[in-house]
Amino acid sequence: MGHVATSSWSVADMELLSRTLKAIAHPSRIAILEMLEREGKMTVTDIYTRLNSDQSSVSHHLSILRSRGIVGQDRQGRYIYYFLDTRAYVSLFNCLTDIQSPSPAYY
């Protein structure tokens, strides 16, 4: 049997990462994150219009992303703008994109 490398991450760190990945793991939420990464700040109306979705669905997805600390919000007058809360999630998204599209050298 081969040797299994142990992680320097604590169980709590791995659980946090797992919950974060679960929050991201939905096509609509991935699309929202990609839009926020590209555009910076967006309102719910901006998002649901571009996704061709309904407001309640987008609000639900944003709520999940906010609860995990992935997306933040900023009230400006009567509008609430949503944004990526940390650049670490942009790095994660870019990493996952790279995995999805490996270079031809891997074939």
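The values are calculated or read from the model by the stated rules, or taken from the named source; none is laboratory data. The model shown is predicted, which means the values in this text are computed figures rather than measured ones. Reconstructed Cβ throughout: ideal geometry from the backbone, glycine too, with neighbour counts over all protein chains shown.
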Practice item. Working carefully through the options 53, 67, find the one that is touching a helix residue (DSSP H, G or I) at 6+ places or on another chain (Cβ under 9 Å) and at pLDDT 95 or above. Key: 53
Review point. Looking only at residues in region 26-41 that are out of contact with any helix residue (DSSP H, G or I) (no Cβ under 8 Å at 6 or more places or on another chain) and of a type in the set (D, E, K, R), which one is surrounded by the fewest Cβ atoms within 10 Å (Cβ to Cβ)?
Key: 38
